[in-house]
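Where a number appears in this text, it was derived from the coordinates with a stated rule and is not lab data. Every value quoted in this text rests on a predicted model; they were computed, and no experiment measured them. Using ideal geometry, Cβ is built from the backbone for each residue, glycine included, and neighbour counts are taken over all protein chains shown.
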Amino acid sequence: MEVSIVKIGNSKGIRLSKTILEKYNLRDKVDLILEEGQIVIKAADTPRKGWGEAFKKMSENGDDRLLFNDVFEDENLEEWK
């Protein structure tokens, strides 16, 4: 697909149709990947994407245990009252 480069303020850019934005799930931010001879635009990954499923698998495998106690044996909790 050929598109025109247009002036946007002091910069230049391209316009993407609503159809393309919806089809490829492009929202407020995209990942711009610069490769030899081409520029790839793809939907930005969501932070923490897949964490829920990963935590579920960790729990099923017993990998979600604490690495150290959350309260140390010599800690005086009275001073925090």
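What to note about this one:
- Cleavage-rule hits (GluC sites (Glu not before Pro)) in the chain: DSSP loop, at most 11 neighbouring Cβ within 10 angstrom: Glu2, Glu36, Glu73, Glu75
- At q = 0.12, 0.27 Å⁻¹, base-10 log of I(q)/I(0) for the stretch 5-64 (Debye sum, equal scatterers on each alpha carbon): -0.52, -1.15
- Charges were assigned to the Cβ only: +1 to each Lys and Arg, -1 to each Asp and Glu. The resulting dipole of the chain about its Cα centre is roughly 1160 debye.
- Just checking the listed ones, Arg27, Arg15, Arg48: in the Gaussian network model of the chain with Cα springs under 10 Å, the one fluctuating most is Arg15.
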